[in-house]
Amino acid sequence: MLPVCRSACITPVSISCIKAASIDCSPQSMPIKIVKFLHTPPSMKTLMKVMPSPRKVCFSASAVWIVSWVFSSSDMFKATAVAEPEGFQVTAVPTKPIEGQKTGTSGLRKKVKVFQEPNYLANWIQALFNSLPEEDVKGTSLVLGGDGRYFNKEAAQIIMKIAAGNGVSRILVGREGILSTPAVSAIIRRRKAQGGFIMSASHNPGGPKNDWGIKYNYKSGQPAPESITDAIYGNTLSVSAINMADIPDIDLSSLGVTTFGSFTVEVIDPVPDYLELLESIFDFDLIKSLMNRPDFRFKFDAMHAVTGAYARPIFVDALGAPEDCIMNGIPKEDFGGGHPDPNLTYAEELVTEMFGPDAPDFGAASDGDGDRNMILGNHFFITPSDSVAMIAANAQQAIPYFKDGPKGLARSMPTSGALDRVAAKLSLPFFEVPTGWKFFGNLMDSGKLSICGEESFGTGSDHIREKDGIWAVLAWLSIVADKNRGKVAGDTLTSVADIAKEHWAKFGRNFFSRYDYEECESTGANKMVEHLRGIISSSKPGTTYGNYTLHLADDFMYTDPVDGSVATKQGIRFIFTDGSRIIFRLSGTGSAGATVRLYVEQYEPEVSKHGLDAQEALKPLIDLALSLSKLEHFTGRTKPTVIT
Ligand code: VG1
Ligand code: CO
């Protein structure tokens, strides 16, 4: 006969029960679940590490997990914890904390092979559930999707089992695990889910040798704020057991509902919720009228990433664009070997076409998870900083969602000041936040912000709580269509370039460029940052650097006007008296080494100079940035990997 100890929850007292192997903690009238230890009886310290904390095993009355320890008479104890919510069992799988699971600018990103290490993903997911209040987990619905990259299919099964094991009652998952980041945000909001997971490393390359990533979005569809991501990280350092539901893998290839007692998985079509939202924002007939013009040609490059699943239903079926407008439209696990980052370097195929002979009139691309966008005209590049300013300036006129005008505008700190000028002209509230979309969420939730953007090809609005690649393309198509309203055959088309030049003439031009030095050696990059911090601490306003006089040098700090939270060390800024800026940041989305980002900006009111090439206009400032930072000395790099 085995000695048995029963208890409603695991506490040090009940653990000592095990040691004494004699006390029978009353099971009351609840169902009995069993935890067996069949290895050598663990020490109290080890046991505390291995066993879930009481909070994790004692749920609400309906699902209280009465835990029993059954001892074998030999010195071998079995190591499985089992619980039974309605319809399936849950096993508390012992685990140990794993170092380095801190999220960056946007979720946790590592090489695929790191995520494939035992319990790497499972630990983080369990740590997340351990961080959330019970009402955000127990009995809730969560959305799950991703960009189709390698490892998503395995990851989806792991996430669903741990969600069920922690008491989530419903998962809405995209067919084949596909949902773009903006679609996840839209579905969380529309279906009133408590949050969602996005399986994506966004613009980072995919495949077995490349990157994987996971992002958690909260109930208004926004990327988890730092208060949550910090708590998750804290829990990754102490996680000791993973609550894993004992359910089979779920078939994600066809739409439908699978139920295991109290847990349901619904496989949904990735498109309709998102498309219906876009239809409620834009005038689709207006965009169709542009698509139908014989003198307008449109191209969209899905970069073999997630927008491949959305491009045809939206651009071709709903907006009447021709079938062949879509490039690289089939999502692939490795993005066809490419780097799914819509910029002038990585969207090379589209760029070549848009700057080649007989170029189309409008070109656009989106990234791995569909939240970024690049907008091109015929031989013309719209910088993302200009894009958000131009969308904001034209939104009320061209986009029904903004018929009463935007409530407020915002940009990330390194994004150029073009948007500031629009906000001033339209007398709108304006905000400057740190890099990362999560910083826009509170402003939108509190009704202070409608349109915002980042220089990193991110543009969006408060229709959801993520940046939105296809939204930005439709915004630009709406603006072009609006500028060409009433034109008849034979009239000249107002082009993307015309719209940009008209904007510059009205507001002035903010020349802007970003230099990325990808995967530098971390030590050198960190030393460069230290060197720059040294300069800012000793710098004095009024110091001259060539033609520039310093107005301010600091490390950007932000206090959220809604909840008062403070973010420090968000980028080193040198702001000059003429408004020119030099900014340095280290990327928070890479998976190897350090990526240095250098941002430069200079305002030019003079129309005759608006036609200058940005690199030419910014050359003195770029040279100053390189010499101030001693970038080559610290990183060994003589030229950037990517220039925007
Ligand atoms: C980059 C961009 C930032 C963006 C982030 C996530 O971050 O600079 O503006 O919000 O990527 O975008 P960092 O820390 O590498 O500079 V995405 O499309 O990866 O979700
Ligand atoms: Co992205």
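The values are calculated or read from the model by the stated rules, or taken from the named source; none is laboratory data. Computed from a predicted model, the values in this text were never measured in an experiment. Cβ atoms come from the backbone with ideal geometry, glycine included; neighbour counts cover every protein chain shown.
Scanning the range 216-244 for residues that are closer than 19 Å to G165 by Cβ and over 13 Å from the mean Cα position of the chain (by Cα) yields a total of 10. Any chance the range 238-254 includes a residue that's buried (at least 20 other Cβ atoms within 10 Å of the Cβ) and either more than 28 Å from Q89 (Cβ to Cβ) or not assigned by TED's automatic domain parsing to the domain that holds K153 (or both)? No, the range 238-254 contains no residue that is buried (at least 20 other Cβ atoms within 10 Å of the Cβ) and either more than 28 Å from Q89 (Cβ to Cβ) or not assigned by TED's automatic domain parsing to the domain that holds K153 (or both).
Only a single criterion out of (1) touching a residue at least 24 places away in the same chain (Cβ under 8 Å); (2) under 30 Å from Y120 (Cβ atoms) is not satisfied by F300, namely (2).
Just one residue in the set A472, A418, A497, A424 is modelled with pLDDT of 95 or more and within 13 Å of ligand 1 (Cβ to nearest atom); that residue is A472.
Residues in the range 129-151 that are surrounded by fewer than 21 Cβ atoms within 10 Å (Cβ to Cβ) and within 22 Å of T236 (Cα to Cα): P133, E134, E135, D136, K138. Selection of the range 345-385 for residues being in contact with a Lys or Arg (Cβ under 8 Å, 6 or more places away or on another chain), within 16 Å of ligand 1 (Cβ to nearest atom) and within 23 Å of L612 (Cβ to Cβ) yields only S385. Taking E134, is it away from ligand 2 (no atom under 16 Å from the Cβ), under 26 Å from D334 (Cα atoms), of a type in the set (D, E) and out of contact with any Ser or Thr (no Cβ under 6 Å at 6 or more places or on another chain)? The answer is no for E134.
crowded, with 24+ Cβ neighbours inside 10 Å and over 17 Å from the mean Cα position of the chain (by Cα): is that true of I158 in this structure? No, not satisfied. Does the range 333-374 hold any residues that are farther than 22 Å from T641 by Cβ and not acidic (D, E), and which are they? Correct list: G356, P357, A359, P360, F362, G363, A364, G370. Check whether at least one residue in the range 238-254 is more than 16 Å from ligand 2 (Cβ to nearest atom) and under 27 Å from Y558 (Cα atoms), and report yes or no. No, the range 238-254 contains no residue that is more than 16 Å from ligand 2 (Cβ to nearest atom) and under 27 Å from Y558 (Cα atoms). Of all residues in the range 470-510, exactly one satisfies the criterion of being surrounded by 22 or more Cβ atoms within 10 Å (Cβ to Cβ) and more than 25 Å from R421 (Cβ to Cβ), namely I470.
Note on the range 579-589: among residues that are outside any strand (DSSP E or B) and surrounded by 19 or more Cβ atoms within 10 Å (Cβ to Cβ), the one that is modelled with the lowest pLDDT is T589. Scanning the range 530-578 for residues that are assigned to a helix (DSSP H, G or I) and touching a Ser or Thr at 6+ places or on another chain (Cβ under 9 Å), we see that the one that is farthest from Q602 (Cα to Cα) is H531.
Do you know which residues across the range 399-414 are over 14 Å from G460 (Cβ atoms) and crowded, with 24+ Cβ neighbours inside 10 Å? Result: P414, single match. Name the residue, out of L598, L628, L612, that is in contact (Cβ under 8 Å) with a residue 24 or more places away in the chain, touching a helix residue (DSSP H, G or I) at 6+ places or on another chain (Cβ under 6 Å), surrounded by 13 or more Cβ atoms within 10 Å (Cβ to Cβ) and not β-branched (V, I, T). Being in contact (Cβ under 8 Å) with a residue 24 or more places away in the chain, touching a helix residue (DSSP H, G or I) at 6+ places or on another chain (Cβ under 6 Å), surrounded by 13 or more Cβ atoms within 10 Å (Cβ to Cβ) and not β-branched (V, I, T) holds for just one of L598, L628, L612, which is L598. For the range 609-633, what are the residues that are under 23 Å from E519 (Cα atoms) and either of a type in the set (V, I, T) or in contact with an Asp or Glu (Cβ under 9 Å, 6 or more places away or on another chain) (or both)? Residues satisfying the conditions are I622, L626. Is it true that M413 is among the aliphatic types (A, V, I, L, M), within 16 Å of ligand 2 (Cβ to nearest atom) and on the phi < 0 side of the Ramachandran plot? So M413 does not fit the description; no. Only residues that are buried (at least 24 other Cβ atoms within 10 Å of the Cβ) and more than 8 Å from ligand 1 (Cβ to nearest atom) were counted in the range 451-465, giving 8.
A single entry from G564, G546 fulfils the requirement of being on the phi > 0 side of the Ramachandran plot and under 29 Å from the mean Cα position of the chain (by Cα): G564.
I'd like the full set of residues that are crowded, with 20+ Cβ neighbours inside 10 Å and part of a strand (DSSP E or B), limited to the range 255-272. The answer is F263, V265, V267, I268. Take E117 and tell me if it is of a type in the set (D, E, K, R) and under 22 Å from K96 (Cα atoms). Criteria met by E117.
Test T103 against the stated conditions and say whether it is closer than 30 Å to E519 by Cα and at pLDDT 50 or above. Answer is yes for this residue. Looking at L621, is it within 20 Å of T415 (Cα to Cα), of a type in the set (A, V, I, L, M) and more than 16 Å from ligand 1 (Cβ to nearest atom)? Yes.
Applying a threshold of 6 Å to beta carbon distances and a minimum spacing of six or more residues, or different chains, the list of pairs starting in the range 353-364 at a residue that is farther than 13 Å from D295 by Cβ and ending at one that is of a type in the set (A, V, I, L, M, F, W, C) reads M354/L376; G363/L350; G363/M354; G363/L376; A364/F300; A364/I375; A364/V473.
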